[in-house]
Amino acid sequence: MLASPHTANHHFYEKLPYETLTGFTPIVQVVKVPLFLLVPANSPIKSVSDLVAAAAKQPSSLKISTTGTGGGPHLALMVFKSVTKTEINQAPYLGDVPALNDMKAGDVDAGIHPIISALPDIKSGKLRAIAAFGSSRSALLPDVPCLGEFGYLNTEVYAWFGLAGPAHLPKEIVSRLNKDVNDILEQADVKQKLADMGMVPLGGTAEQYRKFIYEDFNKWKTLSAKEKAQGIVKQKN
């Protein structure tokens, strides 16, 4: 099972023990996990416009929590900085829970996280979701505007998971597994269970998944190059 860092790791690490594009056979993209911009409930930042204005007023002084370099939230932050032309520092955490705790304590100004971890704090009034990434609202939080509503286009970024096999997996096996997974994703109880976990079923053909991986790989290649040029992202061994 591959996850969203798969298409980005090549651009952040000098050496990987596998080939990102040729070392696997894509079978099917299984789910996506919508990402949201969050702020503490008592923050003066009430909207995306407020966040952009604060970043412009105090360049590089704002901190946004993510779950670490190369993960979906970090990639979303790179997109956000690119479309808003702002500089915001990443505050990487090992997981959503410690990040959300520090956000509630006021140690970070905002965060980018999937909704499943943050929902209890949103419902209790400790955190506020100010935007969903993408050009349409998420059914998980339909009252929260999307970035497209603020005029920020090309912000379709989310965490995702997909099934893959070893390189050169026979086509008949790919077809069988692809059909089985797509059938499972159509089951009502599976859809509900995924929704309960903040996930959206995707499915589709193996070729669609292969094309997505290549496009995503090139997308992060371009954006990570900008970050490296500014000394924001440093490659690691």
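Can you work out which of the residues in the range 180-192 that are among the charged types (D, E, K, R) and surrounded by 12 or more Cβ atoms within 10 Å (Cβ to Cβ) is nearest to Lys32 (Cα to Cα)? If we take residues in the range 180-192 being among the charged types (D, E, K, R) and surrounded by 12 or more Cβ atoms within 10 Å (Cβ to Cβ), then Lys191 is nearest to Lys32 (Cα to Cα).
Within the range 160-185, the set of residues being without any contact (Cβ under 8 Å) to a residue 12 or more places away in the chain and part of a loop (DSSP other than H, G, I, E, B) comprises Pro170 only. If you filter the range 193-237 down to residues that are crowded, with 17+ Cβ neighbours inside 10 Å and in contact with a Phe, Trp or Tyr (Cβ under 7 Å, 6 or more places away or on another chain), you find that the one that is modelled with the lowest pLDDT is Val233. The residues of the range 108-148 that are out of contact with any strand residue (DSSP E or B) (no Cβ under 8 Å at 6 or more places or on another chain), in a loop (DSSP other than H, G, I, E, B) and either of a type in the set (D, E, K, R) or in the same structural domain as Ala195 (by TED's automatic domain parsing) (or both) amount to a single one, Asp143.
Could you list, in sequence order, all residues of the range 97-107 that are surrounded by fewer than 21 Cβ atoms within 10 Å (Cβ to Cβ) and either without any contact (Cβ under 8 Å) to a residue 40 or more places away in the chain or not in a helix (DSSP H, G or I) (or both)?
First, pick out the residues of the range 97-107 that are surrounded by fewer than 21 Cβ atoms within 10 Å (Cβ to Cβ): 97-98, 101-102, 104-107.
Hits for the range 97-107 are Val97, Pro98, Asn101, Asp102, Ala105, Gly106, Asp107.
Pairing residues of the range 143-159 that are over 22 Å from Thr67 (Cα atoms) with residues that are part of a helix (DSSP H, G or I) and among the aromatic types (Phe, Trp, Tyr), at Cβ distances under 9 Å and at least 6 apart in sequence or on separate chains, gives Tyr152/Phe80.
Let's see how each residue does on (1) more than 30 Å from Tyr13 (Cβ to Cβ); (2) modelled with pLDDT under 90:
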site	(1), (2)
Ile45	yes, no
Gln58	yes, yes
Leu62	no, no
Gly71	no, yes
Val79	no, no
Ala99	no, no
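Scanning the range 28-63 for residues that are aliphatic (A, V, I, L, M), part of a strand (DSSP E or B) and touching a Phe, Trp or Tyr at 6+ places or on another chain (Cβ under 7 Å) gives Val28, Val30, Val31, Val33, Leu35.
From the set of residues in the range 48-67 that are small (Gly, Ala, Ser) and either out of contact with any helix residue (DSSP H, G or I) (no Cβ under 8 Å at 6 or more places or on another chain) or not assigned by TED's automatic domain parsing to the domain that holds Lys123 (or both), which is surrounded by the most Cβ atoms within 10 Å (Cβ to Cβ)?
Initially, the range 48-67 is screened for residues small (Gly, Ala, Ser), giving 49, 53-56, 60-61, 65.
Adding the requirement that they be either out of contact with any helix residue (DSSP H, G or I) (no Cβ under 8 Å at 6 or more places or on another chain) or not assigned by TED's automatic domain parsing to the domain that holds Lys123 (or both) leaves 53-54, 56, 60-61.
Values: Ala53: 13, Ala54: 18, Ala56: 12, Ser60: 12, Ser61: 12.
Selected residue: Ala54.
Of (1) touching a Phe, Trp or Tyr at 6+ places or on another chain (Cβ under 6 Å); (2) within 20 Å of Pro34 (Cβ to Cβ), Gly111 satisfies all except one. Which? The failed condition is (1).
The values are calculated or read from the model by the stated rules, or taken from the named source; none is laboratory data. No experiment lies behind these values; they were computed from the predicted model shown. With ideal geometry, Cβ positions are generated from the backbone for all residues, glycine too; neighbour counts draw on all protein chains shown.
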